[in-house]
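Notes to accompany the following structure.
What follows is calculated from the coordinates using simple rules that are stated; it is not laboratory data. Note that the structure is a prediction, hence the values are computed from the model and not measured. Cβ placement follows ideal geometry from the backbone for every residue including glycine, while neighbour counts extend to all protein chains displayed.
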Amino acid sequence: MKMRINDAKGKLKVGDWVRINSAGQSTVKDFPVEGEIGEIDDDAFYVWQDTDDGKKGKINPTTWGYKYSWKVYWEQKNEAQDAYVEILKRN
C-alpha cells in the first residue's frame, strides 16, 4: 500500500517494513530508504535500517540489530508534498 506521508499518520505500525522517498522534510526521489518502522511519535516516525544514518528517536536502533534510524516527519513542507511511504510488509 502506497500513500502520501501526510496521509499515513494512524495507518503505520511499529514493525511494518516500508519504503520512503522522504528525508526529513525534503524529497529524495532518486534515493528511497527502505526499512522497519522502529518508532512512531506525534511529529514523526523512524525507519530503522542499515544503510543511511539519520536522526534517532528515543530507542537506539542498534538494540534491535539495525545500524541507523531515519526520521520522517508527518507534516511535509510544500516542496515535499509528493513524499510517499509504501508499506511493503505489515507487522
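For an R0 of 30 angstrom, estimate the FRET efficiency from the Cβ-Cβ distance between residue 2 and residue 63 and round to the nearest 0.05. Mind dumping the intermediate values first?
Values: r = 29 Å, r/R0 = 0.98.
My answer for the efficiency is 0.55.
Give the peptides 49-58, 63-72 in descending order of average Cβ contacts within 10 Å, highest first.
63-72, 49-58
Between residue 17 and residue 43, what is the spin-label point distance in nm, taking each point 7 Å from the Cα along the Cα→C-beta axis?
It is 3.2 nm.
Under 13 Å from the Cβ of residue 13, count the other residues' Cβ atoms, weight Lys and Arg +1, Asp and Glu -1, and hand me the total. Don't jump to the answer; show the numbers that get you there.
On the way: positive: 9, 11, 89, 90; negative: 16, 36, 39.
Net charge around residue 13: +1.
Would you grab the residues whose amide H sits under 5 Å from the one on residue 88? Only those 5+ places off in sequence or on another chain, please, with H modelled 1.01 Å from N.
Close amide H contacts, sequence-distant or interchain: 17, 18, 19.
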